[in-house]
Amino acid sequence: MARRSNNLQVPQALAALEQLKYEAAQELGITIPQDGYYGNMVSRETGSLGGYITKKLVQQAEQALSGAGRTL
């Protein structure tokens with residue numbers, strides 16, 4: 001059995017991450033399998049989806065940091 005190393009650091013964010021995944025898939029025209037098994041998807045689709053999600057998360061973090069008005 002494979003051990004997962006991508007545990008959530010903030011478990012309360014699970015719902016928001018799932019929502020982001022489905023929004024990203026819709027924008028890219030990728031259908032996410034209902035049963036959760038990604039083995040029948042081509043790696044180009046899963047890689048595009050993961051890259052797009054990462055890009056969106058970085059954009060959200062940059063916006064949060066720029067609008068925070070923090071002083072270090």
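The values are calculated or read from the model by the stated rules, or taken from the named source; none is laboratory data. As the structure is a computational prediction, the values presented were derived from the model and not from experiment. Glycine gets a Cβ as well: all are built from the backbone with ideal geometry, and neighbour counts include every protein chain shown.
Observations on the structure shown:
- Selected residue (criterion: surrounded by the most Cβ atoms within 10 Å (Cβ to Cβ)) from residues of the range 1-42 that are of a type in the set (Ser, Thr, Tyr) and modelled with pLDDT of 90 or more: Tyr22
- Pairs with Cβ under 9 Å, 6+ apart, first in the range 43-72 and surrounded by fewer than 10 Cβ atoms within 10 Å (Cβ to Cβ), second at pLDDT 90 or above and aromatic (Phe, Trp, Tyr): none
- Within the range 53-71, at least one residue is of a type in the set (Lys, Arg) and modelled with pLDDT under 90.
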